[in-house]
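The structure that follows is given in the form of structure tokens.
The values are calculated or read from the model by the stated rules, or taken from the named source; none is laboratory data. Here the structure is a predicted model, which means the values were calculated and not measured. Please note: Cβ atoms are built from the backbone with ideal geometry, for glycine as well, and neighbour counts cover all protein chains shown. Only protein heavy atoms, including side chains, enter the accessible area calculation; ligands, DNA and RNA are left aside. Shrake-Rupley method; radii C 1.70, N 1.55, O 1.52, S 1.80 Å.
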Amino acid sequence: MPRTPSRRRLLRGAAALAPAVAGAPLLAGCASGASDGVGPDGKVTVELWHGQSDTGRKAVEELVADFNRTHPRIRVDAGGGGVIADAMLQKVTAALASGSFPDIAYVFGSDLASVARSPSVVDLTDALRGGATPWSGYWPAAREAVTLNGRLRAAPALLDALCVVYNKKLFRAAGVPFPEPGWSWDEFVATARRLTDTGRGVFGTGWPGTGDEDTVWRIWPMVWDLGGDVIGDDGRSIGFARQGVRALETLERLARDRSVYVDPKPGGEQMYQVFLGGRMAMVATGPWQLPDITGAGVDYGVVPLPGYGGPPVTISGPDTWTVFDNGSARSRAAVEFVRWMIQPERDARWGVAAGSLPLSAAAERLPRWRRHAARTEGLPVFTKALETARVRPVHPAYPQISQALGEAVVAVLLGKRSPADALRRCADKADAALLIPR
């Protein structure tokens, strides 16, 4: 069996866009000087850093080839950037500092606020809101992930959602009913306890334990369900001081029962290997993991995340196509490419290949996606979850908030701190980050 990649390894000026807003071709009126990106043959070359590997890279290259064939005045160079998507933030940051950056980069949604501080990032508000697919037709999570201070600072590139995947064989062997939509976190904890068999090395569930974003983003749906938020209404303090303690108490119960496998490796890779090996009953994950689960021969089902009694909620971790200003001609060509990429037909192709979800309801309705969903067990559950999915805020302090909460989660999972103490320390660090002028 191949080593299971993390989700991220399967994969961060408005005036130049005026022709798009007016409905005219994006390349109309391009200057012919080489400094503006137009070659002697009149063709504009756009540099794309996509950071994809394996199937994701192949899918991007096929789509780029189709675009180049149908847009003779533009050539997209899909060299990739020389790094995987995990390292794109560092690569882009260094490129912006040196003044030699690409036209388009694949930027994680959680990194967008940091990148968008650069004046070289193109504002896509008018270009996307005036695109072929109505902006309101994209899922709310896709729209919110690229919105900063009311402006669209990137185009959505990839969409996912968290649900619980469970091993039917282990449930049957333990005589435990399969989970159903509307279940609670109390039921999740009790189910994990019943399915844990320390003698056989079987865990009820798992949780990443390195304190990274993979550790943190799984707890936000719990916070939201309890009525909290990442950042408080005043913008100067966290919005989960009380709700975070309750969520951490749930993790503390799992740890106390010894029913949770705490993965010490980044990306949750060992956790997924335990699940694929038939020694974990439930794992909160996204659609990117389904190909490996199917390939491992696991008889599985998918159910929405548990809740605390509030409306159903999950989290989506969208990634983005961020456009940079290398002159008006290159900017227009880059925008034309990303608008082409996120249209339903290309989006469905990309989603099927990349193990992600459709960006819009229009893409979800296409026959290509419907066929894919019909032959992939549980995929419609993930797509349905997009209706109530939320995203992390596009805020420059988010990385510091995430780091502080990650430390709290790990401390509780390892029994080093109580939920209240861990959250108090988290609040001190996160609140201090929010007070820094941006």
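Which helices (runs of 4 or more DSSP H) does the stretch 26-125 wholly contain that include 1 or more residues that are closer than 22 Å to Arg153 by Cβ and of a type outside the set (A, V, I, L, M, F, W, C)? Please lay out each step first, then the result.
Values: elements: 54-70, 88-98, 112-115.
So the answer is 88-98, 112-115.
Could you grab the pairs with beta carbons closer than 9 Å, sequence gap of 6+ or different chains, first residue in the stretch 319-343 and part of a helix (DSSP H, G or I) and of a type in the set (Asp, Glu), second one buried (at least 24 other Cβ atoms within 10 Å of the Cβ) and modelled with pLDDT of 95 or more?
Glu336/Val46; Glu336/Ala127
For Leu248, which of the numbered conditions (1) more than 19 Å from Asp431 (Cβ to Cβ); (2) open to solvent by less than 40 Å² (accessible area, probe 1.4 Å); (3) in a helix (DSSP H, G or I) fails to hold?
(1)
Is the stretch 412-423 home to any residue that is part of a helix (DSSP H, G or I), within 17 Å of the chain's Cα centre (by Cα) and not polar (S, T, N, Q)? Step through it out loud before you land on a result.
Within the stretch 412-423, the subset part of a helix (DSSP H, G or I) is 412-413, 419-423.
Cutting the leftovers down to within 17 Å of the chain's Cα centre (by Cα) gives us none.
No, because not a single residue in the stretch 412-423 is part of a helix (DSSP H, G or I), within 17 Å of the chain's Cα centre (by Cα) and not polar (S, T, N, Q).
Of the residues that make up the stretch 169-190, is at least one among the small types (Gly, Ala, Ser), closer than 15 Å to Ala284 by Cα and not in a strand (DSSP E or B)? Before you say what the answer is, go through the steps one by one.
Kept after step one, since they are among the small types (Gly, Ala, Ser), are these residues of the stretch 169-190: 173-175, 182, 184, 190.
Still in the running and closer than 15 Å to Ala284 by Cα: 184.
If we keep only those that are not in a strand (DSSP E or B) too, we end up with none.
So far as the stretch 169-190 goes, no, none of its residues is among the small types (Gly, Ala, Ser), closer than 15 Å to Ala284 by Cα and not in a strand (DSSP E or B).
Moving on. Please go through the stretch 357-369 and give me each residue that is more than 26 Å from Val283 (Cβ to Cβ), open to solvent by 10 Å² or more (accessible area, probe 1.4 Å) and within 22 Å of the chain's Cα centre (by Cα), ordered by number. Walk me through it before giving the result.
Applying the first criterion (more than 26 Å from Val283 (Cβ to Cβ)) to the stretch 357-369 yields 360-363, 365-368.
Filter once more, so that each one left must be open to solvent by 10 Å² or more (accessible area, probe 1.4 Å): 361-362, 365-368.
Scanning the stretch 357-369 gives Ala361, Ala362, Arg365.
Since Thr133 meets every condition but one in (1) under 30 Å from Leu379 (Cα atoms); (2) β-branched (Val, Ile, Thr); (3) surrounded by fewer than 17 Cβ atoms within 10 Å (Cβ to Cβ), which condition does it not meet?
(3)
Then there's this: Among Phe178, Phe240, Phe171, which is the only one that is open to solvent by less than 30 Å² (accessible area, probe 1.4 Å), among the hydrophobic types (A, V, I, L, M, F, W, C) and farther than 21 Å from Ala427 by Cβ? Walk me through it before giving the result.
Numbers: Phe178 fails: open to solvent by less than 30 Å² (accessible area, probe 1.4 Å); Phe240 fails: farther than 21 Å from Ala427 by Cβ.
Testing whether each residue is open to solvent by less than 30 Å² (accessible area, probe 1.4 Å), among the hydrophobic types (A, V, I, L, M, F, W, C) and farther than 21 Å from Ala427 by Cβ leaves just Phe171.
Since Thr205 meets every condition but one in (1) buried (at least 22 other Cβ atoms within 10 Å of the Cβ); (2) within 20 Å of Ala420 (Cα to Cα), which condition does it not meet?
(2)
Pick from the stretch 43-70 the residues that are more than 13 Å from Gly80 (Cα to Cα) and either aliphatic (A, V, I, L, M) or open to solvent by less than 30 Å² (accessible area, probe 1.4 Å) (or both): which of them is nearest to the chain's Cα centre (by Cα)?
Leu63
Also, quick follow-up: Please state which of the following conditions Tyr272 fails to meet, knowing it meets all the rest: (1) open to solvent by 10 Å² or more (accessible area, probe 1.4 Å); (2) under 30 Å from Leu170 (Cβ atoms).
Failed condition: (1).
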